[in-house]
Structure formats: C-alpha cells, structure tokens
1. Loop only per DSSP, at most 13 neighbouring Cβ atoms within 10 Å: give me the GluC sites (Glu not before Pro) in the stretch A:1-109, ordered by residue number.
2. Between the alpha-carbon centers of the stretch A:31-57 and the stretch B:106-135, tell me the distance in whole angstrom.
3. What does the accessible area per residue of chain B come to in Å², with a 1.4 Å probe and no ligands, DNA or RNA counted?
4. When you look at the Cβ of every residue in A:61-73, what mean number of other chain Cβ atoms sits within 10 Å?
5. Counting each pair of different Cα atoms once, what's the Kirkwood radius of the stretch B:258-302 in Å, rounded to one decimal?
6. Starting from 0 in steps of 10 Å, tell me what percent of the Cα-Cα pairs of the stretch A:43-110 lands in each bin.
7. Before rounding to the nearest 500, sum -39500 (n - 2.57) across all DSSP H runs of length at least 4 in chain B and divide by the residue total; then give [θ] at 222 nm in deg cm²/dmol.
8. When only C-alpha pairs under 8 Å and at least 6 residues apart count, what is the relative contact order of chain A, in percent?
Amino acid sequence: MAHDSYYHAPDLAKFPDVGKDAPELWNKFLGWYGAVFAEGALSEREKALIALAVAHSVQCPYCIDAYTTACLEKGSNLEQMTEAVHVAAAIRGGASLVHGVQMRNAAGKVKM
Amino acid sequence: MQSLLRRAHPLSSTAEQVKLLEGDRAVPAFAAKLKEAGLPALAAGALDVMQVNVGKLCNQTCRHCHVDAGPDRTEVMTRETFELCLAALRKSSIPTVDITGGAPELNPDFRWFVTEVKKLGRHVMDRCNLTILDVQKDLAEFLAANEVEIIASLPYWSGKDTDAQRGAGVFDRSIAGLKRLNALGYGGRLKLNLVYNPAGAYLPASQKSLERDFKRELQRRHGITFHSLYTITNMPISRFLEFLADTGNFEAYIEKLANAFNPAAVPAVMCRSMISVGWDGRLFDCDFNQMLDLETGFGAPRHIRDFDEAALAKRRIVTGRHCYGCTAGAGSSCGGATA
C-alpha cells in the first residue's frame, strides 16, 4: 500500500518481504547480519552504538528507530548514544571539510 | 508524585488493569501461547521461597512501581499475619524467606519478623531500595548483624537514568547506602545483589554484559563492590502500566514482550518455586499476580492461615498477559534472567 511519505514506520515490520523473490540472497544476508552483531572482539553493546552512528550517517529512519531501542536494550545510556551520533556527524562534517584540500589544490593550479 | 490510589486514577482498580491487559488484541492469551509452543499449563513444583510482601508503604514513589507503593499508602502486614507466616514456615521446609514491599523495613514489625525467621534457621532476603538506609540510620547494622541477604534496586550505574525512574536525588543517596553496606562487609562476606530494570518501555540488556558494566563503573566511580546484578523486565502493572498508557507505548510494549516469548525461559519462572504472601495474608503465585489481585486458583489454598505446602507445591499457576514479562528474551524473575 502506498503512503503519503516514502518512509512509513510500520513498514519496518515488512522488511522480510524483501526476501520473497530472492530467498537465498535474503537468507545469506540474515546469516551474515546475525553474525556481524553477535558478541565478538566487540561487545553487542558496542556494535549497537556503531550501528546507531552509521544509521545517522546513512540517514535511515528505520535503522535509527531500531538501533535506538537496541542501544537501550544493550544497556547504553543517552549520553553514550548522543556521543555516538556526534561521532557520525563529525565524520560527515570532516569528510566535507577535508575536500577543501582538493578545492585548494584545484584553485592553486589555476590561480595566479 | 502520588500513588494511583491517592490520585483516584482508574488504573488504581486492579479490575481495570486486568481488563486492559486481557482485552481483545493481536497478542494471544499467555496460556494459549504456552499451548502453541507445546508446553504444559504452568504448575508449581517444590517451594524454595516464601516471598512476603509486608505492605505498600514506601519512602519513594518510583514511576515504574508495579505495587503502586508510596508514602501515602497505609496497607501493612500486622503482627497477627506475620505470626501466621511463621506458623506456616514452622510446618514447612521452605529454606528462604524473601521480604518485599513497598519499603519492607518501614513495617513496624519488620525487624521482629527477621529475627524470628532467623531463629527458624531460614535464609532471609530483604528487597531494599537503598535510600531507606538513610531514613533508618541503624538499619544497615541490623541487616548485617542478622546476615540478611540484600537485593537492592539500582536501575543504572549513573545518576540521570536512576533519578528519572526513582526520583531526584535517589542515585546519590543509593550510592551512599551502598558504601555503608560495603563498609559492613556487604559485597564481600555478606551477600549484596543489585537489581536493574529498564528506565522505559524496552527490554533489559543481557544480564552478563550489564553486570560487567555495573561492576566496572561502580568500582571505578565510587569504589563499590557487589556480588550479582539481576536484570528484571518492567511489568505492565500499576504505575508502569500508567506510564505505558500515557505515552502511547502500551500496545507496542505488550507486543514486544509477546514477540520476545522464549520457551526456554518458561521452566525457571519464579512462580513455579515460590509462594507469595500479601500484606493481608492472601496467597498468590507471584508478587505481580498479587498486585493484580489474581489470587491462587484451581483449588489451592488462598490464605496463609490455610497454608498447605504439599497442595501449594503442586498447584496450577494463574496466568495472564502480564506473564509475557517473565518469559521475554532472557526471561525475568526475582533472581534476574532465567534463560
């Protein structure tokens, strides 16, 4: 069903529908995804914080909803989650700013 | 904040709460879910614990309280009912008495009851809110002298989240209480366990990983030690139910609990090994059923004066949709995760 906006919160529950016409690929994704977020060298809590930061960087509202809850359910607090979002924002901001070098190189080439 | 009862809130009626929980919705009844999972109806086994709720009087008014306890509540267990509990213990082999409330220490007969239970050679646990140690200056020494195991509420290792749930200033007073307990040998020779429950409509973190965080942070920031951390899921009862309804989280939370149903958490749910005694002597399968006025059923004794260990140890458990709270994820009980 179409909606007035591209993003619709209840659609997150329909995520598995994506697997309907390519079940093998979907199952591979699920297996890999589960392994990625399992406790390893990093704890599940740390991985959820990274996911929250990346969710903000790729600006996925579904991911932001899901990993806000996941972070809380892994024992993180709002201070830690806010700092994670700042890390994402700082990298995005820094990524723009570092291209200033390219600008300066280009300007240096043509400018007297 | 005042209790639901003092505010004459509709949810101060247990019938209203049950109506809300058991109303028509997508989430199946708990008994049906057990059947669907191929599990038998819940039944008790041997009784390991007599949990005595000695009253609703409390010095705090926590936002998530399933008891609707607070300073404005007056219901407390009388000496006569305590005597009935002792009589029941004398004719039983239940090894542990778990005392809860409210703030159980505010019951005028609390200390007398503890010493009487100790005389029977039973282990005593006190579910302590920590700030009461600041109200009753000699309480910590009394508990230590009687080797009472303390199960203390501390929803988080930092102040902001703790105070949001339990009231302004509670965290600092709790830390002061924990330091006093440590100085008396709690966290070392004497058992001190902490209880975490989420400050909102979400499930608790893994008990193991959260215990690691609590131990590291409480030691690093305050030099505090403790034995174990118990993670307990918030029950959609009384003031937490009010919070869920007021914030539009009720349906989603019930669905979250039901979707996280874990059959592996069922065998160790606390109702199977305990009997819960209300301040007025009525018997319940657990403290949560007690707060919904869901008395023991299916022919089991319903009052402590009719205590019959053999009958209670094979009773069928009364269930409702709130039971999903004990079977979600890693499970939840008075002793923390169960799966």
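The values are calculated or read from the model by the stated rules, or taken from the named source; none is laboratory data. These figures come from a predicted structure and were not determined experimentally. Neighbour counts are summed over all protein chains in view; Cβ atoms, including those assigned to glycine, are modelled from backbone coordinates with ideal geometry. Remember, those area values only see protein heavy atoms, side chains included, never the ligands or the DNA or RNA. Shrake-Rupley method; radii C 1.70, N 1.55, O 1.52, S 1.80 Å.
1. Sites meeting the loop and neighbour criteria: A:E39.
2. 44
3. Per-residue accessible area for chain B comes out at 38 Å².
4. 2
5. 11.6
6. Over the stretch A:43-110, the share of Cα pairs per 10 Å bin runs 22, 40, 18, 13, 7, 1 percent.
7. -9500 deg cm²/dmol
8. Averaging sequence separation for qualifying contacts and normalising by length gives 21 percent for chain A.
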